[in-house]
1. Name the most mobile residue of GLY216, GLY348, GLY291, meaning the one with the largest mean-square fluctuation, in a Gaussian network model of the chain with Cα contacts below 10 Å.
2. Charges on Cβ only, +1 for Lys and Arg, -1 for Asp and Glu, centred on the Cα centroid of the range 84-208; of ILE194, ALA151, SER97, which one is farthest towards the dipole's positive end?
3. Neighbouring Cβ atoms within 10 Å as the yardstick, rank ASP341, ASP109 fewest first.
4. Given labels modelled 7 Å from the Cα in the Cβ direction, how far is it in nm from GLU340 to GLU133?
5. Once Rh is set to the Kirkwood radius over Cα pairs, what Stokes-Einstein translational diffusion coefficient, in µm²/s, holds for the range 35-383 at a temperature of 10 °C and a viscosity of 1.306 mPa s?
6. I need to check one value: relative contact order of the range 35-383, counting alpha carbon pairs closer than 8 Å and at least 6 residues apart, in percent.
7. Using 1/(1 + (r/R0)^6) with R0 = 25 angstrom and r between the beta carbons of SER40 and ALA269, what's the FRET efficiency to the nearest 0.05?
8. Be a star and scan the range 72-87 for residues whose amide nitrogen sits under 11 Å from the point 7 Å along the Cα-to-Cβ vector of GLN100.
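Quick note: the coordinates plus some simple rules give every number you see, no bench work behind them. What you are looking at is a predicted structure, and each value in this text was computed from that prediction instead of being measured. In this analysis, Cβ positions are derived from the backbone assuming ideal geometry, glycine residues included, and neighbour counts consider all displayed protein chains.
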Amino acid sequence: MTECSRRSMLCTTVAGLSGGLAPALFAGDKRPRAPKFTVSDTRVISHLAHRYHGWPTLARRKNGQLLLVCSGGRESHVCPFGRVELMRSDDGGAHWSWPQTLIDSAIDDRDAGVLETPGGSLLVTTFTSLAFEQPAYFAKGDAKKVARWIAARDRVPETTRKKMLGEWMIRSTDGGQSWSSPTRCGVNSPHGPIALANGDLIYAGKELYNQHNRIGAAVSVDDGVSWKWAGTIPTRPGDDHRQYHELHAVEAVPGRLIAHIRNHNPRHAGETLQSESTDGGRTWSTPHEIGVWGLPSHLLKLADGRLLMSYGHRRKPFGNQVRISDDAGATWSEPMGLSEDGAGGDLGYPSTVQLDNGHLVTAWYEKLKGTSLAVLRQARWQLTG
């Protein structure tokens, strides 16, 4: 068991926050020191060594069971074979079930999110893609691969493939024994929606495959059966909103939402931006930098009220990091490196759950050294200070 802590580092200026919250850090101030933590074990948890796994999400049910969904069945980062798979753990991540296929459309089913609603329903989200048809991906490889991809592509006509593009959700009301057919939910982000204290559901994300590509949040007031647009996150001056991606949200305190955004604009490229809402997602503050390089972020409210952000770090040291906020997201601590042994940048999308004993479980995907396939890895750890 290894105990870890991080050196203090200078933060960048944090832009003004909405809802009467003043910036807590300015250039030259030091970040809050990261708490000490211990990692008890880190290991591969995926079962199918001959397949590429990507973009998982962890969730914890009220009965203590852990759920993990991912895009499995793949040959590579982009391919026509992605499918949504589900694994379960009844012992805090010590053991995981064999993957169950939930969605396997005729095109690429990618990032998967999962949530147990306050009403006990299970929601699983994904989006579909035809990126594998681009010549840069499609024609790369030997003749057998190209023939295999052509056969997979031509399972359905081109017009049908295009109709299958979208943001999708399935729902179970019996603990996952049976699932609905996929329905469109109008927005997507890797880790899916969250539940609010009042029982409503909020899905911070991005519209795909339409002329607007709005960034913001959808809301459901009927346990995830239907969704409607709640509000749009404004674009920071000088930014292109189409370069905002892969949001996730948390209710920092009752009535105050925080959303993190993957930013690909030239200003603060590769950093996580933050936006806030105090009216249930109908209006949002202009996104601002928080001085965190790494993405995309998953947000969790801990049992003691602190916030935890988990994110991939796709430059040396390649791996996954977490940070703590003691002040409802106004400031974020120094980074804590959960994993720093990555072979390269094809990794990340971590998400974290907390167990009854306060310990934490974080899962992510990672392409290991010496292989073209990515696995699912997990760290079990705890905050010790």
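1. Sorting by GNM fluctuation, first place goes to GLY291.
2. ALA151
3. ASP341, ASP109
4. So the two model labels end up 4.5 nm from each other.
5. Taking Rh from Cα pairs, D becomes 78 µm²/s.
6. Computed over the range 35-383, the figure is 16 percent.
7. E(calc), rounded to 0.05, equals 0.10.
8. 86-87
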